[in-house]
C-alpha cells in the first residue's frame with residue numbers, strides 16, 4: 001500500500017470517527033464526495049474504539065463504585081461521546097413506523113423533531129434494557145462487561161453501515177446527515193466492515209462466543225433487512241440508528257445467555 005493510499009485510509013477513518021462521535025477529530029486533506037461515501041468502511045473499527053474507551057473507563061469506575069452505578073455512568077458517557085446519535089434515530093424510527101400508515105407518512109413522522117409515545121417507550125426500553133443486561137454481566141466479572149462493550153459497539157455499527165449499502169436510501173434532502181455517506185459504495189468496503197468486525201469479535205470474546213455473536217449479528221441484520229424492506233422499502237439515518245441500537249441490545253442479551 002502506497003503512502004497516498006495510507007493517507008486516504010487515515011482520512012476515511014478520521015471521517016468515520018467524526019461522524020460517530022463528538023470528538024474533535026481533525027480530518028486532513030480535501031473531503032471529497034468519494035471520501036464521505038467510503039469512510040463507512042471503518043465504522044466497525046470506530047465502534048470498537050468507542051467500546052474500548054467505554055470499557056477502560058468502566059474498569060476504572062468498577063474499582064470503587066458498585067457495578068450497577070458504574071454501568072449507569074458508562075451509559076451516560078456513551079450518550080455524551082456519540083451525541084446520542086443512534087438513540088435519536090431509534091426514537092424517530094419507532095415513532096414513524098408505529099404511527100404512520102403509509103411510507104410517506106412514516107418518513108414524514110421520522111422527520112418531525114418532536115418525540116412521540118413510541119419514541120419515548122423505545123428509548124426507555126433501550127436504556128433500561130442495556131443497563132440491566134450489562135449489570136447482569138457485571139455480576140459475573142468486569143471483563144465480560146468490557147468484552148460486551150467492545151464487541152457490541154463494533155458489530156452493531158458495522159451492521160448499520162452494511163445495511164446502508166444493501167437497501168436504497170430514501171431521504172435526499174439537504175439536512176440529511178447520512179446522505180453524504182450513501183454514495184461510492186464498493187464491495188471491498190463491505191469486506192473491510194465484516195472483516196474488522198469478525199477480528200474484533202473473535203479476539204475480544206474468544207472463538208466460541210465470538211462466532212455466536214457474529215451469528216446473532218447476521219440474524220439481526222437479516223430480520224431487520226426484511227422488516228425495513230416491508231415497512232419502508234429502504235433505509236434512512238433514523239432506521240440505521242435503530243439497527244445499531246437493536247443489535248447492540250441483542251448482543252448484550254446473547255452474552256448474558258451464554259454466561260448465565
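The values are calculated or read from the model by the stated rules, or taken from the named source; none is laboratory data. Bear in mind that the values here come from a model prediction, so they are computed numbers and not experimental data. Every residue, glycine as well, gets a Cβ built from its backbone with ideal geometry; the counts of neighbours run over all protein chains shown.
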Quick one: count up the residues across segment 17-33 that are out of contact with any helix residue (DSSP H, G or I) (no Cβ under 8 Å at 6 or more places or on another chain) and closer than 24 Å to residue 244 by Cα. 2
Any residue at all in segment 179-188 that's modelled with pLDDT under 95, surrounded by 24 or more Cβ atoms within 10 Å (Cβ to Cβ) and touching a helix residue (DSSP H, G or I) at 6+ places or on another chain (Cβ under 7 Å)? yes
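Answer yes if at least one residue in segment 40-57 is more than 22 Å from residue 196 (Cβ to Cβ) and not in a helix (DSSP H, G or I), and no otherwise.
Here is the first cut: in segment 40-57, the residues more than 22 Å from residue 196 (Cβ to Cβ) are 57.
Remaining after also requiring not in a helix (DSSP H, G or I): none.
Checked segment 40-57: no residue is more than 22 Å from residue 196 (Cβ to Cβ) and not in a helix (DSSP H, G or I).
Restricting to segment 204-221, count the residues that are farther than 12 Å from residue 151 by Cβ and either over 17 Å from the mean Cα position of the chain (by Cα) or not in a helix (DSSP H, G or I) (or both). First the steps, then the outcome.
Our first condition is that a residue be farther than 12 Å from residue 151 by Cβ; within segment 204-221, this holds for 207-208, 215, 218-221.
Next cut, either over 17 Å from the mean Cα position of the chain (by Cα) or not in a helix (DSSP H, G or I) (or both) only: 207-208.
Count: 2.
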Among (1) modelled with pLDDT under 95; (2) crowded, with 17+ Cβ neighbours inside 10 Å, residue 130 falls short only on (1)
Looking only at segment 92-113, and only at residues there that are in contact with a helix residue (DSSP H, G or I) (Cβ under 6 Å, 6 or more places away or on another chain) and touching a residue at least 40 places away in the same chain (Cβ under 8 Å), the one that is farthest from residue 143 (Cα to Cα): 106
Within segment 222-250, residues more than 21 Å from residue 152 (Cα to Cα) and either part of a loop (DSSP other than H, G, I, E, B) or in contact with a helix residue (DSSP H, G or I) (Cβ under 7 Å, 6 or more places away or on another chain) (or both) come out as 228, 231, 232, 233, 234, 235, 236
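Condition check ((1) under 16 Å from the mean Cα position of the chain (by Cα); (2) farther than 21 Å from residue 126 by Cβ) across all residues:
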{"residue": "6", "(1), (2)": "no, yes"}
{"residue": "11", "(1), (2)": "no, yes"}
{"residue": "46", "(1), (2)": "yes, no"}
{"residue": "52", "(1), (2)": "yes, yes"}
{"residue": "67", "(1), (2)": "no, no"}
{"residue": "99", "(1), (2)": "no, no"}
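Any residue at all in segment 54-61 that's modelled with pLDDT of 95 or more, surrounded by 14 or more Cβ atoms within 10 Å (Cβ to Cβ) and under 17 Å from the mean Cα position of the chain (by Cα)? First the steps, then the outcome.
Here is the first cut: in segment 54-61, the residues modelled with pLDDT of 95 or more are 54-61.
Those still in the list that are surrounded by 14 or more Cβ atoms within 10 Å (Cβ to Cβ) too: 54-55, 57-59, 61.
Going one step further and asking which of them are under 17 Å from the mean Cα position of the chain (by Cα), we end up with 54-55.
Yes; the residues of segment 54-61 include at least one that is modelled with pLDDT of 95 or more, surrounded by 14 or more Cβ atoms within 10 Å (Cβ to Cβ) and under 17 Å from the mean Cα position of the chain (by Cα).
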